[in-house]
């Protein structure tokens, strides 16, 4: 076990292996913190890491394997939406 002192500014120094890494700090109970290394996922990208999105992506991968790619005429597509 490693004992560290919390500074007057509520800071602690972590061991060198944490240097440069992002960490999450979770309060488990009064006086108990859990520190984990990990990666930060912005709120706007969290949906990309869901089971639902993963399933949709697999479905798309299957679809694209079974269909030939075709060039899209964007002008024609836009005109079709105007009428």
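Just so it is clear, none of the values below were taken in a lab; they were calculated from the coordinates. Just so it is clear, the structure is predicted and the values come from calculations on it, not from any experiment. Using ideal geometry, Cβ is built from the backbone for each residue, glycine included, and neighbour counts are taken over all protein chains shown.
Assuming 0.36 nm per residue, please report the length gained on full extension of the stretch residue 13 to residue 72 beyond their Cα-Cα distance. Walk me through the numbers before you get to the answer.
On the way: separation 59, 0.36 × 59 = 21.24 nm, distance 5.65 nm.
Full extension from residue 13 to residue 72 adds 15.6 nm.
How long is the gain from residue 24 to residue 62 if the chain were fully straight, where each residue apart is worth 0.36 nm and the alpha carbon distance is subtracted? Walk me through the intermediate numbers first.
Values: separation 38, 0.36 × 38 = 13.68 nm, distance 3.64 nm.
Result: 10.0 nm gained on full extension.
Assuming R0 = 35 Å, can you tell me the calculated FRET efficiency for the pair residue 6 and residue 43, based on Cβ-Cβ distance, to the nearest 0.05?
Numbers: r = 29 Å, r/R0 = 0.84.
With R0 = 35 Å, the Cβ-Cβ based efficiency is 0.75.
Over the chain, what is the relative contact order in whole percent, taking alpha-carbon pairs under 8 Å and six or more residues apart? Could you put the intermediate results ahead of the total?
Details: 33 pairs, mean separation 11.2, N = 83.
Relative contact order, the chain: 14 percent.
What is the ratio of the Cα radius of gyration of the stretch 1-68 to 2.2 N^0.38 Å, with N the residue count, to two decimals?
1.85
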